[in-house]
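First comes the structure, then the notes that go with it.
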Amino acid sequence: MKNHLIILICLLFNIAVGFSQNLKGNVFEMHNGEHKMPIPGANVYWLNADKGTVTEADGTFEIAAPDTFPATLIVSFVGYQADSTVLKSIPNKPLNIELKSNVDLKEFEVVEKEATTKIDIVNPLLVEKLNKQEFEKAACCNISESFETNATVDVNFTDAVSGTKKIQMLGLDGIYTQIQAENLPLIRGLSSAYGLTFVPGTWAESIQIIKGAGSVVNGYESITGQINIEMLKPDESENLFVNVYGNEKGRMELNIHGAQKLSEKWSTMSLAHVSNQSVEWDMNDDSFLDMPIKTQYNFFNRWKYRGKKFMSQFGFRGVYDELEAGQNRITNENRLFKIGVTTKQFEVFNKNGFLFPEKKYKSIGIIQNFKYHSHQSNYGDKKFNAEQTSWYFNSIYQTIIGNTHNTIKFGGSMQYDLYDKNYNDSLFGREEVVPGAFAEYTYTGNKSALVLGARGDYHNMYGAFFTPRLHYKYNFTQLSAWRFSVGRGFRTANPFIESASVMASSRNVVTEELNPEIAWNYGTSLTHNFELFKKEMTFSTDYYYTDFENQVVIDMENPNEVVFYNLDGKSFSHSLQVELHVRITEQLELRTAYKFYDIQTDYKSGRKTKPLVPTNRAFMNIAYATNFDKWKFDLTGQWFGTSRLPSTETNPADYQIPSRSLSYFMFNGQVTRAFKHFEVYVGVENLTNFTQDNPIIAANDPFGSNFDASLIWGSINGRITYAGIRYKFNKL
């Protein structure tokens, strides 16, 4: 009896301990990548619960266990990116959590095995993060191609001759998406047409995609969303990285990265890229090259200094890109239709951060860049030459109001652009000077978060304008988040470069005096993580409505001209996306998505849907990796529904096309084998060899009145196989 009583007491004690078990941990930041510095006063709490605490002076914390598992632990502190960790039970040892400074301008996540793409349920903004492993699922020769395994951003050819790809978001062209590199302007103005091809995919560490109105801290130009590219960091990258790529069509690429830590405070990195396409291909025998003859040289050098109270990053980048396309044999007149585009770009940037070790919630950031861009092009008899000189400055002060649940950022910015343009001997240009100021308040609670932002700017040509934005998030459960956002965007158009595809046609270009484009964006989304049949799943759906106050309308309804004019009436976009991510096993993942677009504009001839944009799309990606990622297999499939095509009914019968495109499938696949210091990969693009029939209207008469290579809705290139090798080396 005595023994039974002792056993019973021990059982009751163990049960009591189990129910009263607390989670212990440490919160810190890494100094110079080597030393852990504790973060006192950080908020630690369970998502969607009232249990919370703050870290001690040495960065340690202890918090009561949640009522149920799985549960999401949130760690946040002003000046740092919030961290979310999903726990299925209380670990046996203290949890170590590293926070990354906001001055680094990048996101940090802790997961057991990080997904290559993930939607954050902590951030009030709808943020989807793609990491390096996601880029490596495809050839990913440049950033425009890195989105081909992603459902959020659409990638399409701009025309049938230049081989250039463009992106779209929420069904609208990429010009309405603010694209930045580490929160500095990357794609705007003259770089709108080809700029994404100037950023090699291997240079990116991660990409954050924000749908809808973004943050006012980064400017006023975001309408459909923001894309921020985090480049490789000198103190976090391999000492040496080499990527060699080649495909059966003769395209060759070489990327070499070198990083070095010079001391505890200083580090530097250089990245070089060379690519060349020198083999001519005309698989459909229409006398036009299927892909351009192209050469690019690209160099990027950056430096980083990090002290206790001050950190700085600076560097420069230079690009030379030469493209030749068009006919390879004469078909009508005694001359060839040729396309030539030469781009020269130079950029210098600097980012400074002032830190306050005693008040870690406070920081000051000053970022700026200077960029020169030269664009020289000819499309047959059409010539467009332009230069752009830009300077961007932004200062950000961040602190708290009372406690760390209430934070505020405010500061000032300046955007300067000088354009010098020449189209067919017609000279025109402009100088834009836009100073501005902004403020953004953020409230973070256990279940909800609110971001209220506003900025005022003054444009030297168009006067003062106001940009308000709001983001709200509510967590129904530990693993679900509902969001709502509304915001206004403002941008000035550069139609000749932003619609460069129409240059590859005989259309006459007609333009009137254009006003700035202004639009409101409204959106809502739901993200829910759950388990079904013991499989981890993420379901997300979002709806966005974009309503233009003014838009530069691109009217191609007359096959003999393209007209740029200000909106007179309504122009709007409805975008709906549903996505399911299933982790079937630890090694096997499946992502599926469906998208619906309804985009309509009032043209002079009446209201019509946007041409060349499918109403319906579907997406699938399946990825399998063996233990330790020794072998990796990836397959991406997409279905494109039909889209409206601009009218060609006034053309001769031989040069008319249907009013709608075909629906079609596209499949890409890749296999990667990893060794100790290098990886070998082989893949195929357009597995089914689908191409758009006769993509060029009147290809036999390129100088005639019916020639048009701009009406592209499908693939121009057939099946392409490729192979490559990645070599990575780190000093011990």
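Readers should treat all values here as calculations from the given coordinates under stated rules, not as data from a laboratory. What you see is a predicted model; the values in this text were computed from it and never measured. Please note: Cβ atoms are built from the backbone with ideal geometry, for glycine as well, and neighbour counts cover all protein chains shown.
Points to keep in mind about this one:
- Above 18 Å, the calculated P(r) of segment 340-452 contains 66 percent of its Cα-Cα pairs.
- If only the Cβ of Lys and Arg carry +1 and only the Cβ of Asp and Glu carry -1, the dipole of the chain around its Cα centre is close to 2280 debye.
- Cα-based helix-to-principal-axis angle, 2-19 vs the chain, degrees rounded to 10: 40 degrees
- Set of lysines near residue 371 by C-alpha distance (under 18 Å), chain-local residues within fewer than 8 positions excluded: 344, 351, 421
- Under 20 Å from residue 88, Cα to Cα: lysines that are on another chain or at least 8 residues apart: 24, 51, 113, 118, 447, 534, 535
- Cα-centre dipole for segment 207-295 with unit charges at Cβ (Lys and Arg positive, Asp and Glu negative), debye to 20: 460 debye
- Alpha carbon centroid spacing (whole Å) that separates segment 209-234 from segment 141-176: 17 Å
- Judged by the gyration tensor of its Cα atoms, with axes a ≥ b ≥ c, segment 432-516 is oblate; a/c meets the 1.5 cut and b/c is at least as large as a/b.
- Electrostatic dipole magnitude of segment 19-100 [Cβ: Lys, Arg +1; Asp, Glu -1; Cα centre; debye, to 20]: 200 debye
- A DSSP coil position with no more than 16 other Cβ atoms inside 10 Å describes the following trypsin sites (Lys or Arg not before Pro) in segment 331-361: 335, 359.
- Surface/4 estimate of mean projected area, convex hull on alpha-carbon atoms of segment 650-732, nm²: 8.8 nm²
- By the equivalent-ellipsoid construction on the alpha carbon gyration tensor, segment 114-255 comes out with semi-axes of 24, 20, 14 Å, ordered largest to smallest.
- For segment 575-701, convex hull of alpha carbons as volume per residue, Å³: 156 Å³
- With 19 Å as the limit, the listed pairs 233/294; 36/360; 632/676; 166/728; 129/731 have 233/294; 166/728; 129/731 beyond it between alpha carbons.
- For segment 19-100, the relative contact order is 35 percent, taking Cα pairs closer than 8 Å that sit 6 or more residues apart in sequence and dividing their mean separation by the residue count.
- Think of the chain as having a plus end and a minus end, set by charges on the Cβ of Lys, Arg, Asp and Glu; of 398, 437, 641, 398 sits farthest toward the positive end of this dipole.
- Projecting the Cα atoms of 124, 331, 155 onto the dipole axis of the chain, where Lys and Arg carry +1 and Asp and Glu carry -1 at the beta carbon, places 124 farthest toward the positive end.
- Calculated from backbone phi, Karplus (6.51, -1.76, 1.60) coupling profile of segment 500-511 in Hz, x at Gly/Pro: 4, 4, 6, 5, 7, 7, 8, 4, 6, 9, 10, 9
- Of every Cα-Cα pair in the chain, the percent that sits beyond 40 Å: 33 percent
- Among the trypsin sites (Lys or Arg not before Pro) in segment 580-673, those located in a DSSP loop and surrounded by at most 16 other Cβ atoms within 10 Å of their own Cβ are 604, 630.
- Of the GluC sites (Glu not before Pro) found in segment 644-732, the ones in coil according to DSSP and having at most 11 other Cβ atoms within 10 Å of their Cβ are 649.
- Toward the positive end of the charge dipole of the chain, with +1 on the Cβ of Lys and Arg and -1 on the Cβ of Asp and Glu, the farthest Cα among 462, 41, 146 is that of 41.
- Equivalent ellipsoid semi-axes, segment 19-100, via Cα gyration tensor eigenvalues times 5, rooted, Å: 22, 13, 11
- Cβ crowding within 10 Å averaged over residues, with 697-710, 411-424, 154-167 ranked highest first: 154-167, 697-710, 411-424
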